[in-house]
1. From 151, 99, 145, which residue is free of Cβ contacts under 8 Å to residues at least 60 places away in the same chain and more than 26 Å from residue 53 (Cβ to Cβ)?
2. Please verify whether the stretch 107-118 includes one or more residues that are at negative phi, modelled with pLDDT of 95 or more, buried (at least 18 other Cβ atoms within 10 Å of the Cβ) and outside any loop (DSSP other than H, G, I, E, B).
3. Say we look at the stretch 119-142 and pick out the residues that are closer than 23 Å to residue 72 by Cα and touching a residue at least 60 places away in the same chain (Cβ under 8 Å); which of these is surrounded by the most Cβ atoms within 10 Å (Cβ to Cβ)?
4. Just to be sure before I move on: is residue 159 out of contact with any helix residue (DSSP H, G or I) (no Cβ under 6 Å at 6 or more places or on another chain) and either part of a helix (DSSP H, G or I) or closer than 17 Å to residue 74 by Cβ (or both) in the structure I sent?
5. Residue 31 is checked against (1) closer than 14 Å to residue 83 by Cβ; (2) touching a helix residue (DSSP H, G or I) at 6+ places or on another chain (Cβ under 7 Å); (3) at pLDDT 95 or above and fails just one. What number does that condition carry?
6. I'd like to check something: does the stretch 153-164 contain any residue that is over 21 Å from residue 31 (Cβ atoms) and touching a strand residue (DSSP E or B) at 6+ places or on another chain (Cβ under 7 Å)?
7. If the requirement is being in a helix (DSSP H, G or I), assigned by TED's automatic domain parsing to the domain that holds residue 116 and at pLDDT 95 or above, which of these qualifies: 173, 164, 185?
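The values are calculated or read from the model by the stated rules, or taken from the named source; none is laboratory data. Quantities reported herein were computed from a predicted structural model and do not represent experimental measurements. A quick note on method: Cβ atoms are made from the backbone with ideal geometry, for glycine too, and the neighbour counts reach across all protein chains shown.
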């Protein structure tokens, strides 16, 4: 599949079918921690970067064939970059809601939620998960490296307005990098902003996969827990997959591994957890794909990650 991937076991959403709206890393940010890679087009201009009709056709194909064989819990709209830049976003959400009874979640960096057209596109979604990594200008510029058209004040005001008017659930993600956006001043500013935004819950994250910049370093679990106590409302730490008992695991397939690894680097454990695969067949296939040059290995914080050679 070109635009759809999975289903995968999402640590937040259950069994999720991903929908990737963009052909490359097109984004309003060039975050230092991003595992996808550097932004190739830094912009705030919304366009139909990939044909909306082609995405809908692939959704219909899944529903007609795979949908019966692969039951899912949720459709998750995402992108290699920022999905709200795609001008067909609203059409795709409306199509999903018309054709199925499943919830639709949208992952976004939150930078365009102040725009009326983006708000209109997202109104039919069930869950929107935006980000706010910093409420201080200095830290915001350092961690997110936004396009010149992006303003932090607009982002915070947009998140507040969207939260007040959205009928679904708003979960706000915060990713903390050590000595970048985790100071007492940063957490105080975040607390003030979050009090105004008042999301349904706050999801606290840190650097897990290999980032663009080597200086983007993670916080420990203990440090994240300490930070969580300084933030208002319901706060959950989502760094790393929640370990679950896996039953009825199945052999790994080449196409699904490559689809997953072309979007972001993963460890063998990540792959097995996300796709519910058995360890032995996954290990053998990863070794085979590495030997023939289709994927490459890298080491980050003592863990071995795999990604397709074309994205490395």
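1. 151
2. Yes, because at least one residue in the stretch 107-118 is at negative phi, modelled with pLDDT of 95 or more, buried (at least 18 other Cβ atoms within 10 Å of the Cβ) and outside any loop (DSSP other than H, G, I, E, B).
3. Checking each candidate, the answer is 129.
4. Values: out of contact with any helix residue (DSSP H, G or I) (no Cβ under 6 Å at 6 or more places or on another chain): no; either part of a helix (DSSP H, G or I) or closer than 17 Å to residue 74 by Cβ (or both): yes.
Here the answer is no, as residue 159 does not meet what is asked.
5. (1)
6. Yes, the conditions are met somewhere in the stretch 153-164.
7. That would be 185, the only listed residue that is in a helix (DSSP H, G or I), assigned by TED's automatic domain parsing to the domain that holds residue 116 and at pLDDT 95 or above.
Rundown of residues vs (1) modelled with pLDDT of 95 or more; (2) not in a strand (DSSP E or B), yes/no style:
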{"site": "194", "(1), (2)": "yes, yes"}
{"site": "204", "(1), (2)": "yes, no"}
{"site": "233", "(1), (2)": "no, yes"}
{"site": "242", "(1), (2)": "no, yes"}
